[in-house]
Protein chains: 4
Amino acid sequence: MEKVKIGIIGAGRIGRLHAENIVHIPQVEIKTISDLFVENLQEWANKIGIQNVTSDYNDILNDSEIDAVFICSPTNTHLSIIRDAAKAGKHIFCEKPISFSTEETKEALKIVKETGVKLQVGFNRRFDKHFKKVHDTVKEGVVGEPQLVKITSRDPEPPPAEYIKSSGGLFVDMAIHDYDIARYVTGSEVVEVYVQGANLIDPAIGDLGDIDTALTILKFENGALGVIDNSRKAVYGYDQRVEVFGSKGSVANQNEQPTNVVVNTVDGIYQEKLKNFFLDRYKDAYLEETHAFIQSVLYDTPLVCKGEDGLEAELIAEAAKASLLTKQPVKIKREEYKLV
Amino acid sequence: MEKVKIGIIGAGRIGRLHAENIVHIPQVEIKTISDLFVENLQEWANKIGIQNVTSDYNDILNDSEIDAVFICSPTNTHLSIIRDAAKAGKHIFCEKPISFSTEETKEALKIVKETGVKLQVGFNRRFDKHFKKVHDTVKEGVVGEPQLVKITSRDPEPPPAEYIKSSGGLFVDMAIHDYDIARYVTGSEVVEVYVQGANLIDPAIGDLGDIDTALTILKFENGALGVIDNSRKAVYGYDQRVEVFGSKGSVANQNEQPTNVVVNTVDGIYQEKLKNFFLDRYKDAYLEETHAFIQSVLYDTPLVCKGEDGLEAELIAEAAKASLLTKQPVKIKREEYKLV
Amino acid sequence: MEKVKIGIIGAGRIGRLHAENIVHIPQVEIKTISDLFVENLQEWANKIGIQNVTSDYNDILNDSEIDAVFICSPTNTHLSIIRDAAKAGKHIFCEKPISFSTEETKEALKIVKETGVKLQVGFNRRFDKHFKKVHDTVKEGVVGEPQLVKITSRDPEPPPAEYIKSSGGLFVDMAIHDYDIARYVTGSEVVEVYVQGANLIDPAIGDLGDIDTALTILKFENGALGVIDNSRKAVYGYDQRVEVFGSKGSVANQNEQPTNVVVNTVDGIYQEKLKNFFLDRYKDAYLEETHAFIQSVLYDTPLVCKGEDGLEAELIAEAAKASLLTKQPVKIKREEYKLV
Amino acid sequence: MEKVKIGIIGAGRIGRLHAENIVHIPQVEIKTISDLFVENLQEWANKIGIQNVTSDYNDILNDSEIDAVFICSPTNTHLSIIRDAAKAGKHIFCEKPISFSTEETKEALKIVKETGVKLQVGFNRRFDKHFKKVHDTVKEGVVGEPQLVKITSRDPEPPPAEYIKSSGGLFVDMAIHDYDIARYVTGSEVVEVYVQGANLIDPAIGDLGDIDTALTILKFENGALGVIDNSRKAVYGYDQRVEVFGSKGSVANQNEQPTNVVVNTVDGIYQEKLKNFFLDRYKDAYLEETHAFIQSVLYDTPLVCKGEDGLEAELIAEAAKASLLTKQPVKIKREEYKLV
C-alpha cells in the first residue's frame, strides 16, 4: 500500500477539521468527500486539495481505490454507514458516540468484527499529550494502584437548545469523553454509576429534559472510586483536568492557557484565562488521532481507541441516565455485551 | 473583664496545643488545667506558666474566677462536661465532634441555649487563611452562585487501629471537617448525602468495620452539588484543597509546602512534598481559633463556628453512615432539630 | 499576485525547516531549492513537493517567476547573496546574523533600501506567542514605563568546538537573539553595554577565545536598565525567559515543558524538565515567521522584524565584544549608521 | 546559665519587633529596654512584660545580670555602643549595617575579637526558610558548582526623603541584604563589582544624590557571576527572589502572597498580589534570627551570621558606590581587612 486513500462522510465542522488535518499527512490522499449539502463544499474542497465532492456516500463506499472512511455525519446515521462501510471492506474512523443506543452500537461492533475492518472511535482526548502523560504515568506504576480518580470537565458555554435536542443529552454528548478518560487513565473498567444532576444554568435545557450540571460517581473493577464533575458553562473557559490518586502518589494534568505570561500589578497577579474552545484546546490531539488511525491502516499497528471503547463509554452513559431517573446507583450491564 | 481566665479540660495533644497557643495571648490567663493522668503534667504546665494542675475538672468548673473552658477530653465525655460547664456559667470551646450521637449533641445545644453561655466548636480550618479566603471570595459574589463544590481531604497516614476503634469512623473523625468546610464555603445547607466507600489501604481498618477511602456527594439547599474525596493515606503528604465553582467563575486554594523552592536538574523540576502533619499545616489556624474565641468572650463578638455548626456536620456524618450501609442517597434529618 | 513563488538558498537544518513550514502555507509554492551539496537533497525535495533542486543559487535569482528568497546559507555568504538577490528584485528572508561585521550589514541594508525589496531577519522569538504577549503587554502600557528588563537565555548544551570556531562567538551566535528581544519587549534602543564573561563550562571553548557564560548589562535610551544572563549549558533544558519591570508592574513569560503534568510522590512534587531543543521550543514561532514574511510579500503588510533590527542587534554584539576585551562599558556606535 | 537575660538598646520599629519576638522564647528574659525617647515606652514595655525602661543604655551595660544586648539604635551610634558593650562583656546582636564606614566596622570587629563576645548581624533573610532552602540545596551540591546567581530585590515603596538622607543610600540601606544573600547562597566571596544605577522613580531621591534603580554585577572568587536588580518601587509588592544556576541545575525561591488562593473569572486567572511589607514577609525570619542568637549565647553554637559577614556586605556596598561614581568595575578591597 503506497498511499492510503480516504473518503470522508459528512463535511460539517468536525468532518472539515479531520480533512484539514489529513491533508498534511504525506502518506494519505483524501479522494472524495460526501455531504448531503454540497453547496460551497466544492470551493473548500478545491482549496485543500480534495478532488471529488459528492452528495451520496455510496460513491465513496463503491470506490475500490478507497481504503478507509471517516464517518463524521450525524450520530443517527452512524450504524447504517458503518454497516455499509464494513461490508465494503473499508476501515472506519467513526466520530463519537457510535450510536444513541448501546444495542445499535453492539450491532455495529458485531459487523465490524465479522468483516475484520478496523474501527477507531473519535475519543480525541486520548491523543492529547497531557492526558496521555497521565495515562502513561499511571501505567508505569509511578502512583501505584489507582484508588481515586477525579475528572473535571466543563464547557465554556452550553450549546443552543436546538443542538441539545438531538444531542442525546449531557451524558451521551459531553460526559461520554470523560467516561472514556476514566477508563483510559485507570486501565480499569467501570462497574457501577451514581449520578446527581441539576439544571442550574439555563432553564431551557431543563425544559428539554436535560441537565447542565452533574456529579457522577464511578466504581471500578479494581475497587477504585471515581468522580466526574460536569458543567455546561464555565465562564472562565474550557476546564479539562484529571487526577489519579493511588497507593504511591498522585498525577494530574493542568489546563492550557493561550500563553503562560504572568502579569503583576497593583491589583494582583494575572494570567490569561483558559483556552475557550475545544477545537483550540485539542488542536494537536485531533491531528494525532488521525495520524494514529492512518498508521494503523498502513502498518496494522494496534488501535489506541477501538469500537469496544466506544461501547464501554456508552454503557456508562446509559447507566448514568438510569441513575439520574431512579436516583439509585446503577450497575453496568456488561454481561450481555460480553456474550456477543 | 480585665483578663479572661481559662480552664483547660484534657491535656492530651490537642489540649496542650491550645494551651501553648493561649499563653501567647496577652488578654488571657490559663488558671488551671485538668487531666485524669497528671503525671508529668505539672512540669509542662510550669514551663508554659499554668499555675494549677488537677485531676478533677470540677475544680475548674467550681472556680468562680474562671470565665471559660476548653474541652479537649475524649469525645464520649463531652456531653456531661458541657452540661456541667454550661450550668456553671462557663463559656465553652469544645473540640470536634461535640458527641458521637446527634441526639446527645442536640441535648448539649439545648443546655447551652438555656444557660446562655457561648459554645465554639473546634473546626480549625475555618480559621486557616486560605480556606477563609475561599469563603470570603464566594461571599463577596466573585464566583456568582455556587454550583459545584469539590473538597479533597487526604491524610498522610491512617491512624493506628486502636485509635480507629474509638474514633467514630472516617465520617465522624475525619470527614466531619470537610462537611463543615462544605457548608462554610458555600453558605448553604446540605440536604442529601450519597457515599461510596472502600477499604483499599489497610485491611485492619476494614476488619474494624470502617473504610479508608470515600467519595461523598452532597446536595445543597441552593441546588448546588458537592463532592468530597477522602483517603486515609496520601503518601505525598496532607492534601487539603477546596474548589467552589459558580455562575461567575471558580475559586480554589492550594496545598502548602514547607518551602516554595523549585529545583531544576537533568531529571526534571522538583519541589518539596506537602506539609505532612495537621499540626504543622494548621498551626496558624489553631492559633486563630483560640484568638477568635477569646475575642468573643471578651467583647461578645459573634462566634465564627458555633454549636449548631457542630451539629450540622454531625447530621451529615450520620447520613453518610446511613448511605454507606443502605447504598442509597440519604436525606438530612434536620426538621426535628429545627423544632428544638 | 496569485501564489507567491519562493526559492530557498541553503538546504541545511534551518533551510529545510523553513521549507517544511512553507509547504503548508496554501498561498505559496517553493519552486526551487539550492545547495552546494545536492546529494540526497532531491529525494527530500520530492517528498515535500519541491520540483527543482540546483547547486547554483543563481538559477533561483535568474528565475523571473520567483518572487522571494530565503537565505539559509552560511553567514559569510549572506552579503553577496543579499546583493545579488536585491538586484534581481527578489524579496529576502535572511537568517540571523545578516553578517559577521556591522559594516557589511550596513552595506546590505543600503542595497536593500536602494532596490526597494523587503528584508526580514530570522529573529524567530518575536513570533513566539509568549514573547509576543510580553511585548504586547508592555506596549499596551500595562506595566507602565519599562525600568528593568531581565532576560535569561541558556542553551541545553554547548555546540561542538568546530561550530564555535565559525559561529562568531557567544555574542553574535547566541546572545544576538537576546539583544533583539531586549529591544522588542521594551520598544527602546540600547545605548550602552557592559559585559562580564567567563569560561566555566568547557575549556575547549576558552581555548578558542570564546566564553560560555556571560552577564550583559544594557542601558536603554529611555533610561531603563537591562541584564541578560547567558549560559551554554543548562543541564535541565533550554531556558528562555524575559521579565519587564516598569512603573505600573511587571510581566514575564515562563518556560515550556513537554507537558504540564504534575506528579506527587513520597519524594516530592515533580514535573517534566524543560523542552530541550530550540526547534522543539520554537516550532510554532518558526512557522509564524514564515507566515508573516509571506503575508508581507503578498499584501505589502509591514515587516515585524526588518534588516535594521538585524543591524541593531549586531551593533550591540559588537559593543559586547568590545566590553569583554576592554573590561569597560561601551557605547553603541549608532551615529554613523543613522547617517547612511 | 538558666535563663538568658537581655537588654535592648533602641526601641524603634525594629527594636520593638525583636522584643516582641523574644518574649515568646521561654529561655529568655528581657530585663531592660533603653531609648532616648521613653514616652509611651513604659506602657508598651509593661504590656509585653519588660520590667525596666531607661533612657540611658549604660544602665543595661552596667547590669551584671544581663548577658546580651540587641543594638537597634541608629546606625551612626553602633560603633560606640558595640565598643562599650563588648568591653562590658555582653554578647551583641547588632542591626545592619554595623556602620556607615568599613573602617568603623573593622574597628568594631577588632574589639569584638579582642573581648571574645559574640556578634550577630541582623541579616534576617538568612533565617527565611525559602532562602535557607536555596542555600542548603546549593551546599548539598544539588545544582553543582554555582555559575550564575540572580537576585531580585524590589521594595514596594521608596522611603521618605527624610529617611533617604540618613540611610547611607540604596547600596548601604537596601542592597546590603542582597550582597549578604549573594555570599550566603553561593558560599563564595565577591571579588569585583560593577553597577549601573538610575533615578527613574522619584526625582527627590536623585536630588539627594541617591539612585532608586540599580543593576549590580558581581564576580565571585570561584569564577561565578552574579547580578542583583534593585528597585525602590514595585507597585505589586515586596519582590524578593534568588536563583542559583550551576553545573548540575538551578534552584530558586518564589515570592510569598498572603494566601495561595486562585480565582478564575471571565476576565482571567487571578491571585493576590505579593506580601507588601518586609515585617510581614520576613515575620518568621525575624523570629528565627533571635532564636538562633539566643541558642548561640546559651549553648555556644556557631553563629549563622557574624560580624565578618556584616563587613563583607559593607565592602561590597563600598565598591558599588565607587563603581557608580567611576562607571568602572571595582575590585573589593579585602586585603587590608584580612590583615586585621
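Summary table below
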item: The lone exception for residue D:211 - which of (1) outside any strand (DSSP E or B); (2) under 21 Å from the mean Cα position of the chain (by Cα); (3) within 7 Å of chain C (Cβ to nearest Cβ) it fails; result: (3)
item: Residues within region C:152-164 that are over 20 Å from residue C:280 (Cα atoms) and under 19 Å from the mean Cα position of the chain (by Cα), tallied; result: 2
item: Residue C:32 being hydroxyl-bearing (Ser, Thr, Tyr) and open to solvent by less than 40 Å² (accessible area, probe 1.4 Å); result: yes
item: Matching residues in region D:102-122 - criterion: being part of a loop (DSSP other than H, G, I, E, B) and free of Cβ contacts under 8 Å to residues at least 60 places away in the same chain; result: D:116, D:117
item: Residue match in region D:253-272 (condition: of a type in the set (A, V, I, L, M) and within 27 Å of residue D:122 (Cα to Cα)); result: no
item: Filter result for the condition that a residue is modelled with pLDDT of 95 or more, closer than 21 Å to residue C:177 by Cα and assigned to a loop (DSSP other than H, G, I, E, B), over C:312, C:256; result: C:256
item: Subset of region B:292-309 that is over 15 Å from residue B:176 (Cβ atoms) and touching a helix residue (DSSP H, G or I) at 6+ places or on another chain (Cβ under 8 Å) - its residue that is surrounded by the fewest Cβ atoms within 10 Å (Cβ to Cβ); result: B:302
item: Qualifying positions in region C:123-140 - open to solvent by less than 30 Å² (accessible area, probe 1.4 Å) and either without any contact (Cβ under 8 Å) to a residue 40 or more places away in the chain or assigned to a loop (DSSP other than H, G, I, E, B) (or both); result: C:123, C:128
item: Long-range neighbours under 6 Å by Cβ, at least six apart or interchain, first residue touching a residue at least 24 places away in the same chain (Cβ under 8 Å) and crowded, with 24+ Cβ neighbours inside 10 Å within region A:6-19, second in a loop (DSSP other than H, G, I, E, B) and of a type in the set (Phe, Trp, Tyr); result: A:9/A:57
item: Identity of the residue in region B:191-206, without any contact (Cβ under 8 Å) to a residue 40 or more places away in the chain and either within 14 Å of chain C (Cβ to nearest Cβ) or out of contact with any strand residue (DSSP E or B) (no Cβ under 6 Å at 6 or more places or on another chain) (or both), that ends up least open to solvent (accessible area, probe 1.4 Å); result: B:206
item: Residue check, residue A:73 in contact with a strand residue (DSSP E or B) (Cβ under 8 Å, 6 or more places away or on another chain), of a type in the set (Ser, Thr, Tyr) and over 23 Å from residue A:299 (Cα atoms); result: yes
item: Residues of region C:270-290 satisfying the condition of being buried (at least 16 other Cβ atoms within 10 Å of the Cβ) and among the acidic types (Asp, Glu); result: C:272, C:288, C:289
item: Hits in region A:281-302 (condition: in a helix (DSSP H, G or I) and free of Cβ contacts under 8 Å to residues at least 24 places away in the same chain); result: A:283, A:295, A:299
item: Region B:324-340, subset in contact with an Asp or Glu (Cβ under 9 Å, 6 or more places away or on another chain) and modelled with pLDDT of 95 or more, residue farthest from residue A:217 (Cα to Cα); result: B:332
item: Residue within region C:209-226 that is crowded, with 23+ Cβ neighbours inside 10 Å, closer than 20 Å to residue D:144 by Cα and aliphatic (A, V, I, L, M) present; result: yes
item: Residue satisfying condition, being open to solvent by 30 Å² or more (accessible area, probe 1.4 Å) and over 30 Å from residue A:301 (Cα atoms), within set A:145, A:114, A:157; result: A:157
item: Failed condition for residue C:98, given (1) without any contact (Cβ under 8 Å) to a residue 40 or more places away in the chain; (2) buried (at least 17 other Cβ atoms within 10 Å of the Cβ); (3) under 17 Å from residue C:168 (Cα atoms); result: (1)
item: Residues that are within 11 Å of chain C (Cβ to nearest Cβ), within 22 Å of the chain's Cα centre (by Cα) and among the polar types (S, T, N, Q), drawn from region A:240-264; result: A:253, A:254, A:255, A:257
item: Per-region count, region B:145-168, residues assigned to a loop (DSSP other than H, G, I, E, B) and either more than 14 Å from chain A (Cβ to nearest Cβ) or without any contact (Cβ under 8 Å) to a residue 40 or more places away in the chain (or both); result: 3
item: Pair list, Cβ < 6 Å and 6+ apart or interchain, from region A:33-61 residues that are among the aromatic types (Phe, Trp, Tyr) to residues that are assigned to a loop (DSSP other than H, G, I, E, B); result: none
item: Per-region count, region B:19-42, residues in contact with a Leu (Cβ under 8 Å, 6 or more places away or on another chain) and among the charged types (D, E, K, R); result: 1
item: Residue A:267 vs. criteria open to solvent by 60 Å² or more (accessible area, probe 1.4 Å) and more than 9 Å from chain C (Cβ to nearest Cβ); result: no
item: Some residue of region C:169-178 being of a type outside the set (Gly, Ala, Ser), open to solvent by less than 20 Å² (accessible area, probe 1.4 Å), touching a residue at least 60 places away in the same chain (Cβ under 8 Å) and within 14 Å of chain D (Cβ to nearest Cβ); result: yes
item: Neighbours by Cβ (under 6 Å, 6+ apart or cross-chain): first from region D:306-319, over 14 Å from residue D:192 (Cβ atoms); second outside any helix (DSSP H, G or I); result: D:307/D:119; D:309/D:121; D:310/D:98; D:310/D:121; D:314/D:97
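The values are calculated or read from the model by the stated rules, or taken from the named source; none is laboratory data. Note that the structure is predicted; figures quoted are calculated from it, not measured. Glycine gets a Cβ as well: all are built from the backbone with ideal geometry, and neighbour counts include every protein chain shown. Protein only, heavy atoms only, side chains kept; ligands, DNA and RNA dropped before computing areas. Shrake-Rupley method; radii C 1.70, N 1.55, O 1.52, S 1.80 Å.
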